[in-house]
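Peer 1: My structure is below; once you've seen it, I'll send some questions.
The values are calculated or read from the model by the stated rules, or taken from the named source; none is laboratory data. Predicted model only: the values in this text are computed from it and were never measured. With ideal geometry, Cβ positions are generated from the backbone for all residues, glycine too; neighbour counts draw on all protein chains shown.
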Amino acid sequence: MAIQHSNTSQTRSSTARGRSARHSNYVLASAITMALAALPAAAHGPNAGGIQSAKTADGNPDFDIIHAKVSRQDNVATFHMGVAGDVGNTLPTPAGELAGAPAYAYVWPTSIDSYEAGFEHDAGILALAVATHPDFDDTPLFDENGDKDTGNDGGTWHTHWVVLKPDERCGEGALTVVDIPKDTTPRLPKTWPGLPILLDSPGWEPVIAGDTVEVKVAFDNATALDTASYDGVTAGLMVNKNIHAPLFCVSNVLDVASGDLSLPGKITPPKAMKSQ
Ligand SMILES: [Ca+2]
Ligand SMILES: [Ca+2]
Ligand SMILES: [Ca+2]
């Protein structure tokens, strides 16, 4: 009896294990199915909305935009970009000096009034940029590479506000970071790094994770974002070889999320508060 009981028990146990295993398999399969269904969004979160961009056959995948999005929660906007390759994986070759120094940047041009980032009203196209340029440091208040020197971080990806305008001297249809004419004192952000261009080094830290980059930016007047639109751009920039105006041209547009810089993205408003 004991053996029979034991066998029965074992059989029951085996059956239970079989059911359990089948259940586990079912749960696992369901989870995989759900994960696969969510994959395109999860791979380039935060998910819904934003501008979707086609993967291009040629060009550097590290600058091939797949998705760009700007959303807002309270007074913080999250700037997100996903690429086909790896964000930050391709670095410029140093020029060895400021003249002709190259930069690469992941850029979100916006329709936000430049005033909201500390510049004059309507000074040009206000754009957030995550950039690197190994030949010079323009973040005098920050030590992005963590070596206790605030003057040597140009080669570490960091964040700027830039104000852009078309300037034919940079090339046909090309943009430049707007120059500050000599003997003028326009309104500037308090973290302006001292270069004679409409550039800010606000210290918002880019979070780079494989194929995505995100920057969280706090605003004084976040409601100004809710009527704003945006685009996503990857680009090479170059300091003027004679270090004269235009000082910092957008020399090489690598990809534009919308394809035509029409700023079709609308900044996602905050999620509704849950009612108590
Ligand atoms: Ca693309
Ligand atoms: Ca620095
Ligand atoms: Ca440093």
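Peer 1: Could you please find all residues in the range 180-204 being within 16 Å of ligand 2 (Cβ to nearest atom) and outside any loop (DSSP other than H, G, I, E, B)?
Peer 2: LEU199, ASP200
Peer 1: For ALA131, are the conditions met, namely being in contact with a His (Cβ under 7 Å, 6 or more places away or on another chain), within 16 Å of ligand 3 (Cβ to nearest atom) and in a strand (DSSP E or B)?
Peer 2: Yes, satisfied.
Peer 1: Restricting to the range 150-165, name every residue that is closer than 13 Å to PRO109 by Cα and surrounded by fewer than 17 Cβ atoms within 10 Å (Cβ to Cβ). Full working, then the answer.
Peer 2: First pass over the range 150-165, keeping only residues closer than 13 Å to PRO109 by Cα: 160-165.
Correct list: LYS165 only.
Peer 1: OK, next. For the range 223-251, give me the residue count where each residue is farther than 27 Å from ALA77 by Cα and outside any loop (DSSP other than H, G, I, E, B). Please lay out each step first, then the result.
Peer 2: Looking only at the range 223-251, we keep the residues that are farther than 27 Å from ALA77 by Cα, and these are 238-247, 251.
From the residues that got through so far, the ones that are outside any loop (DSSP other than H, G, I, E, B) too are 238-239, 251.
Looking only at that region, the number is 3.
Peer 1: Quick one: in the range 114-128, which of the residues that are assigned to a loop (DSSP other than H, G, I, E, B) and surrounded by fewer than 17 Cβ atoms within 10 Å (Cβ to Cβ) is nearest to ligand 2 (Cβ to nearest atom)? Explain how you work it out, then say what you get.
Peer 2: As a first pass, look at the range 114-128 and keep what is assigned to a loop (DSSP other than H, G, I, E, B): 118-124.
Applying the additional criterion that residues be surrounded by fewer than 17 Cβ atoms within 10 Å (Cβ to Cβ) yields 120-122.
Numbers: GLU120: 26, HIS121: 29, ASP122: 30 Å.
Ranking the qualifying residues of the range 114-128, first place goes to GLU120.
Peer 1: Find the residue count for the range 174-207, including only residues that are in contact with a Phe, Trp or Tyr (Cβ under 6 Å, 6 or more places away or on another chain) and over 15 Å from SER114 (Cβ atoms).
Peer 2: 2
Peer 1: Take the conditions over 16 Å from PRO196 (Cβ atoms), away from ligand 2 (no atom under 16 Å from the Cβ) and of a type in the set (Phe, Trp, Tyr) and apply them to TRP157. Does it pass?
Peer 2: The answer is no for TRP157.
Peer 1: Taking the condition of being assigned to a strand (DSSP E or B) and in contact with a helix residue (DSSP H, G or I) (Cβ under 9 Å, 6 or more places away or on another chain), how many residues in the range 134-179 meet it?
Peer 2: Residues flagged as assigned to a strand (DSSP E or B) and in contact with a helix residue (DSSP H, G or I) (Cβ under 9 Å, 6 or more places away or on another chain) within the range 134-179 amount to 3.
Peer 1: Here is a follow-up. Return a yes/no flag: does the range 205-218 have any residue that is crowded, with 21+ Cβ neighbours inside 10 Å, within 21 Å of the chain's Cα centre (by Cα), assigned by TED's automatic domain parsing to the domain that holds LEU91 and assigned to a loop (DSSP other than H, G, I, E, B).
Peer 2: yes
Peer 1: Would you check if THR223 is away from ligand 1 (no atom under 16 Å from the Cβ), without any contact (Cβ under 8 Å) to a residue 40 or more places away in the chain, farther than 22 Å from VAL87 by Cβ and not hydrophobic (A, V, I, L, M, F, W, C)?
Peer 2: On the way: away from ligand 1 (no atom under 16 Å from the Cβ): yes; without any contact (Cβ under 8 Å) to a residue 40 or more places away in the chain: yes; farther than 22 Å from VAL87 by Cβ: yes; not hydrophobic (A, V, I, L, M, F, W, C): yes.
Considered against the rule, which asks whether it is away from ligand 1 (no atom under 16 Å from the Cβ), without any contact (Cβ under 8 Å) to a residue 40 or more places away in the chain, farther than 22 Å from VAL87 by Cβ and not hydrophobic (A, V, I, L, M, F, W, C), THR223 comes out as yes.
Peer 1: Something else: Going through THR212, THR159, THR191, THR234 one at a time, which residue ends up being closer than 18 Å to LEU261 by Cβ and touching a residue at least 40 places away in the same chain (Cβ under 8 Å)? Explain how you work it out, then say what you get.
Peer 2: Values: THR212 fails: closer than 18 Å to LEU261 by Cβ; THR159 fails: closer than 18 Å to LEU261 by Cβ; THR191 fails: closer than 18 Å to LEU261 by Cβ.
From the options THR212, THR159, THR191, THR234, the qualifying one is THR234.
Peer 1: I would also like to ask the following. Being within 12 Å of ligand 3 (Cβ to nearest atom) and more than 20 Å from the chain's Cα centre (by Cα) is the filter; apply it to the range 144-167 and report the residue that is nearest to LYS216 (Cα to Cα).
Peer 2: This residue is GLY146.
Peer 1: Something else now. Conditions first: (1) under 22 Å from ASN240 (Cβ atoms); (2) aliphatic (A, V, I, L, M); (3) crowded, with 24+ Cβ neighbours inside 10 Å. ALA95 passes all but one, so which condition is the exception?
Peer 2: Condition not satisfied by ALA95: (3).
Peer 1: Another question about this same structure. Taking the range 112-160 as the region of interest, how many residues are β-branched (Val, Ile, Thr) and under 18 Å from ILE208 (Cα atoms)?
Peer 2: Going through the range 112-160, the residues β-branched (Val, Ile, Thr) turn out to be 112, 125, 130, 132, 139, 150, 156, 159.
After this cut, where a residue has to be under 18 Å from ILE208 (Cα atoms) as well, the list is 130, 132, 156, 159.
So the count comes out to 4.
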